[in-house]
Structures are given as C-alpha cells and as structure tokens.
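Here the structure comes first, spelled out in structure tokens, and everything after it is commentary.
The values are calculated or read from the model by the stated rules, or taken from the named source; none is laboratory data. Remember, predicted model here, so these are calculated numbers, not experimental data. Cβ placement follows ideal geometry from the backbone for every residue including glycine, while neighbour counts extend to all protein chains displayed.
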Amino acid sequence: MSRVRLRELAARADGPEWIVGRMATGRFVALPESGKRALDLLGEGLDSEEAARRLLAETGQDLDVADFVDALVGLGFVAELDGRPVPEPGPPKPTLARLRPRHVRFTLSPVLPVLVGLLIGAALLARPDVALGYRTLLWSGHGSLVVAFGAAAGWALLFLHECAHLVTARATGVPARMRLGTRLQFLVMQTDISGIELAPRRHRLTAYLAGIATNLSVAAAAALAAGTLHGTPHRLLAALTVLALLPLPFQLMVFMRTDVYFVLQDLLRCRDLYGDGRAYARHAARRLLGRAGTDPSRALPAHERRAVRVYAVVLVTGTALCLAFLATVTLPADITLLARAADALNRPDASPAERLDATAVALALGGVHVLWARTWWRGRRARQGGRAGRGK
C-alpha cells in the first residue's frame, strides 16, 4: 500500500488516450482512460489499494496500482512516497534561461503565420531579380570574401532557425535547449523541445515549423530588399536569399528526424515513428534471414501500424542512399584533401603559401570530423542513459 504526492503534471486528451507528463523535464507518457483515472485517484490522496478498489468499482478493470506507482516514480512524476521525498536530478539548464513564456507568447498568435504568408507572397509576386543558382553565391571575385560571408551568414541563419524552435516552444512553457547533434554523417545544431507533446496541436505544429518559416521569411525579405538595390548590396542580399533557402531540401529528408518528420509524425498520430520504424525494419531484416520473431508493429493501432511500415521503407532507403553518398563521394574527397595537405606539410620544398593552405585544410576538415565524432559519442551516451530528447 503506497500513498503518493504527485509533482505538477500537465495532461491532454489524445483520442482514446491521455498524454501526461512534465514540461519542465520533457518526460511524458501515453495512458489509457483507466490509467488517467488511476492517476487522478492517486492525486486525490488515495493510497494504491484504495485507488485499485475505486477503479475496479468504476470501470471493472483490475489494475495493479502498486506497479503503476513504481512506474510513476521512475518517470519522475512523484514528489513524495509514503511521506518521504523522492529525489530527482535537476533538469538540464535551458538555453536562454531568462526568456520567459510571457516574453514570446506572441509567437503563438494565429496572426503571425498570416504575416509570414503575406511576406512570402509579396516576394513571389514582386519577382525580384534574384537567380536561385550557385552563381549567385559567388557574389565577389575574392574567394575569401565569399567563403567568409557564406560561413557567417550560414551560422547566423542556423542560429535563427533553432531560436525560432526555442522561442515558440518556450511560449508553450517548454524549457527547450539548443545543442549540437548528428544526423547520420551530418553535424547539425538542434533544439530539444521535449514536452511539446503536452501542448495543443496548433502550438506543436507552430514549434515544428517555426524554423522553416524563419528561413522562408529571411529569404523573402532579402529577395525583396535585393530587388530595390544595385551593385554589391544587391549581390550580397541575393546570396543571402539563396543561403536561407539552401537548408530547406534537407528538411524533406524525414528519415533523419527533420522538422518535416515531426510534422508528419504528429499528423499521422504516431507516438514514435522513427523508433517504431527502426524496430520494424530490424524485424523485416531478421525475417529475410530466416530468423523471424514477433512483429513489433502488431502491438500498434491499425493507423499507426500502416504508417510505421511505410516509414520503415523510407527510413531504410534514405539511410542507405546517404551512407552510399558518404562512402563514394564525401569520404574519398575528404581523404584526398587531407592526403594532399599532409603531403604539402611533409615536402621540404613546399612554399609558405602551400603550407598555410595545407594547415587550413587539415584544421578545417579534421576539426569537423573530430567535432562530429565527439558529438556522436556524447549523444550515444545520452541515449543509453535515457536522456535523449526531442531534437528539432
């Protein structure tokens, strides 16, 4: 017999289930109606035996409330168990911790998407003289200026993209934090908005699409401004337009849990499209090898099962193509560049300019690969420790 005091929990109905959890920690769980009722009874002060008897009388279901309480403790939902405080490690510090929901509540206004749509529409109607091709990026005859502008603008746009996810999630009460992450061979910046599942659907979709909307808004504003200018300012703004649009095709690669993936998962009403898709793909592979076991998708609702099986095909195909590109293009190119750099640094007759160029190549390429490996390893340890969040 256990009596608990629950922490502050949020809940929303989701079809026949309830999503219950804590936005502060990003931990949540899907409960059937009986589980939600058991949670409410425990919250009213009933002990586990009393709650089980009440639940049996009301629903006819004999739920093991004692085990249910143990699960709640593991999720961090219990503040006190039989009068004793339940310790809980503090949640990770959010990015921009001083930013409060009230400061950014405007991002959830239904007016904002209309304004973004008007801005994009104005750019399409104005048809400014901006060519969406690689030549637009070569706005200067000085390669160093092109590279420096591309790097500065690219990182600034990436930061704005992730900040858009962060502020819209923060407006719903989700702490959110930005960090580096990996998607297959790609090093990315991502925003952990775990807990957004507890927000209304419109707010969830706003948070998922905020980054794409930001890129489109910057591209539209830069294109409109470029249409009114000439010379170098025009070329710079045209290049900024292309740089803002460049990341958007990546978002369509849903097998890497991009922004569009989370929109798709939400619209399909799937709990974990990526995780369930991986599980089904592994099952299909074992079946091809003659080691078939229980199909994990059979435990899912019919609509979710169909979505997971289709997504598994997309997941396997997309991952295979990405890894094939890595093996046949990216790695050979990087290895060649690093080999040339090593050769230049080892040649006694290499000029200072050649040595400087080789050093820059070695530091840039080597630094990126080391950073990817370090980020991947930290992410792997976090997943093993159960700390993986919903990264955008």
task = Go through the residues of segment 131-140 one by one and say whether even a single one is more than 22 Å from residue 200 (Cβ to Cβ), part of a helix (DSSP H, G or I) and in contact with a Lys or Arg (Cβ under 9 Å, 6 or more places away or on another chain).
result = yes
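So for segment 56-75 (the condition being among the β-branched types (Val, Ile, Thr), surrounded by 13 or more Cβ atoms within 10 Å (Cβ to Cβ) and under 34 Å from the mean Cα position of the chain (by Cα)), does at least one residue qualify? Give the derivation first.
Here is the first cut: in segment 56-75, the ones among the β-branched types (Val, Ile, Thr) are 59, 65, 69, 73.
From what is left, the residues that are surrounded by 13 or more Cβ atoms within 10 Å (Cβ to Cβ) are 59, 65, 69, 73.
Checking which are under 34 Å from the mean Cα position of the chain (by Cα) leaves us with 69, 73.
Yes, because at least one residue in segment 56-75 is among the β-branched types (Val, Ile, Thr), surrounded by 13 or more Cβ atoms within 10 Å (Cβ to Cβ) and under 34 Å from the mean Cα position of the chain (by Cα).
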query = Out of (1) without any contact (Cβ under 8 Å) to a residue 40 or more places away in the chain; (2) in the same structural domain as residue 201 (by TED's automatic domain parsing), what's the single condition that is false for residue 90?
reply = (2)
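Table: residues versus (1) among the basic types (Lys, Arg); (2) buried (at least 24 other Cβ atoms within 10 Å of the Cβ); (3) touching a strand residue (DSSP E or B) at 6+ places or on another chain (Cβ under 6 Å).
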position	(1), (2), (3)
156	no, no, no
160	no, no, no
183	yes, no, no
188	no, no, yes
query = In this structure, does residue 380 turn out to be at pLDDT below 85 and under 27 Å from residue 189 (Cβ atoms)?
reply = yes
message = Criterion first (aromatic (Phe, Trp, Tyr), assigned by TED's automatic domain parsing to the domain that holds residue 32, more than 25 Å from residue 179 (Cβ to Cβ) and in a helix (DSSP H, G or I)) does residue 68 satisfy it?
response = yes
note = (1) surrounded by 15 or more Cβ atoms within 10 Å (Cβ to Cβ); (2) under 28 Å from residue 192 (Cβ atoms) all hold for residue 8 apart from (1)
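Only one of 165, 203 is touching a strand residue (DSSP E or B) at 6+ places or on another chain (Cβ under 8 Å), modelled with pLDDT of 95 or more and under 30 Å from residue 303 (Cβ atoms); which?
Values: 203 fails: touching a strand residue (DSSP E or B) at 6+ places or on another chain (Cβ under 8 Å).
After ruling out the rest, the residue left standing is 165.
Looking at segment 106-150, which of its residues are over 23 Å from residue 230 (Cα atoms) and either surrounded by 11 or more Cβ atoms within 10 Å (Cβ to Cβ) or among the hydrophobic types (A, V, I, L, M, F, W, C) (or both)? Steps first, please.
So the first thing to find is which residues in segment 106-150 are over 23 Å from residue 230 (Cα atoms), and the list is 106-118.
Residues satisfying the conditions are 106, 107, 108, 109, 111, 112, 113, 114, 115, 116, 117, 118.
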Those residues of segment 286-307 which are surrounded by fewer than 15 Cβ atoms within 10 Å (Cβ to Cβ) and touching a Lys or Arg at 6+ places or on another chain (Cβ under 9 Å), in sequence order = 292, 293, 298, 299, 301, 303
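For segment 278-334, which residues satisfy the criterion of being of a type in the set (S, T, N, Q), within 20 Å of residue 185 (Cα to Cα) and free of Cβ contacts under 8 Å to residues at least 40 places away in the same chain? Steps first, answer last, please.
The first filter runs over segment 278-334 and keeps only residues of a type in the set (S, T, N, Q), leaving 294, 297, 317, 319, 328, 330.
Narrowing the set further to residues that are within 20 Å of residue 185 (Cα to Cα) leaves 317, 319, 328, 330.
Matches in segment 278-334: 328 only.
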query = If residue 269 passes every condition in (1) more than 13 Å from residue 218 (Cβ to Cβ); (2) out of contact with any His (no Cβ under 8 Å at 6 or more places or on another chain) but one, which one does it miss?
reply = (2)
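Please find, among 63, 99, the residue that is at pLDDT 90 or above, out of contact with any strand residue (DSSP E or B) (no Cβ under 8 Å at 6 or more places or on another chain), in a loop (DSSP other than H, G, I, E, B) and not aromatic (Phe, Trp, Tyr).
None of the others qualify; the one that does is 99.
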query = Just to be sure, is residue 314 surrounded by fewer than 18 Cβ atoms within 10 Å (Cβ to Cβ) and in contact with a helix residue (DSSP H, G or I) (Cβ under 8 Å, 6 or more places away or on another chain)?
reply = yes
ask   = Only one of (1) modelled with pLDDT of 95 or more; (2) within 18 Å of the chain's Cα centre (by Cα) is not met by residue 247, so which one is it?
value = (1)
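Residue-wise test of (1) closer than 30 Å to residue 28 by Cα; (2) exposed (fewer than 11 other Cβ atoms within 10 Å of the Cβ); (3) at pLDDT below 90.
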position: 309; (1), (2), (3): yes, no, no
position: 322; (1), (2), (3): no, no, no
position: 340; (1), (2), (3): no, no, yes
position: 356; (1), (2), (3): no, no, yes
position: 362; (1), (2), (3): no, no, yes
position: 370; (1), (2), (3): no, yes, no
task = Test residue 299 against the criterion of being more than 24 Å from residue 161 (Cβ to Cβ) and of a type in the set (A, V, I, L, M), and give yes or no.
result = yes
